[in-house]
Amino acid sequence: MYNVKIVETKQEYDDAFAIRKKVFVEEQGVPLHLECDAEDATATHFIMYNHDEPVGAARLRSIDNSTAKIERVCILQSQRGKKLGALIMNEMEKHAISINTKTLKLHAQSYAIPFYEKLGYMVTSPEFMDAGIPHRAMEKLI
């Protein structure tokens, strides 16, 4: 039973950061000081559990009154291929709609572009490097 929720407790916050650290820092080699940044203090964090086990995380950051940015979307390697990325994205989109967001933006790792395109996002930039990983900007009107 997979469940996505907005982080509300210290334990949920710690769980979200443990997932991010495992995926981005340990698996992909992103330096910890780049993974955990000042934006974490004001972002809305999401955590995904399989029963009581944390398996995914992401954050949503308001850019202005009508635009938000999805960031740090990650699923544990052992849980990939189960459509959990789409589940967490859908829950974040529902929340974004509830706060009157009209446009969602994100910076997708280039290999993940087909995943985001299936969810309705469009590429809006040429490829660029972020933390040593190729990315492209994408956005979706909601």
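Which of the trypsin sites (Lys or Arg not before Pro) across the range 58-142 are loop residues per DSSP, with 16 or fewer other Cβ within 10 Å?
Working: sites: 59, 61, 69, 72, 80, 82, 83, 94, 102, 105, 118, 136, 140; in loops: 80, 82, 83, 102.
Here the trypsin sites (Lys or Arg not before Pro) that fit, given the DSSP loop and packing criteria, are 80, 82, 83, 102.
Just how large is the dipole of the chain about the Cα centre, in debye to the nearest 20, putting +1 at every Lys and Arg Cβ and -1 at every Asp and Glu Cβ? Provide the component values of the computation, followed by the final result.
Details: 18 positive and 20 negative charges, 91 e Å.
Dipole magnitude for the chain comes out near 440 debye.
To one decimal place, what orientation-averaged projected area in nm² is obtained for the convex hull of the Cα set of the chain? Let's see the in-between values first.
On the way: hull surface 32.5 nm².
About 8.1 nm², averaged over all directions.
Loop sites only, by DSSP: take the GluC sites (Glu not before Pro) in the chain that have at most 11 other C-beta atoms within 10 Å and name the longest stretch containing none of them.
Numbers: sites that count: 8, 127.
For GluC sites (Glu not before Pro) (loop position, at most 11 other Cβ atoms within 10 Å), the longest site-free span of the chain is 9-126.
Taking the alpha-carbon centroid of each part, what is the distance from the range 42-66 to the range 99-116 in angstrom?
Result: 14 Å between the Cα centres.
Residue farthest toward the positive end of the dipole of the chain, with Cβ of Lys/Arg at +1 and Asp/Glu at -1: which of 111, 121, 49?
Going by the charge dipole, the pick is 121.
Counting only helical runs of four or more DSSP H residues, what would the 222 nm mean residue ellipticity of the chain come to if each run contributes -39,500 (n - 2.57) and the total is spread over all its residues? Present the calculation step by step, with values, prior to reporting the outcome.
Working: 4 runs with 36 residues, N = 142.
The helix-only estimate for the chain comes to -7000 deg cm²/dmol at 222 nm.
Measuring from label point to label point, each 7 Å out along Cα→Cβ, what is the residue 49 to residue 113 span in nm?
Rounded to a tenth, the inter-label distance reads 3.8 nm.
Read the figures in this text as sums done on the coordinates, not as results from a lab. From a predicted model like this one, the values you see are computed outputs, not experimental measurements. As a convention, Cβ positions derive from the backbone with ideal geometry for all residues, glycine included, and neighbour counts pool all protein chains shown.
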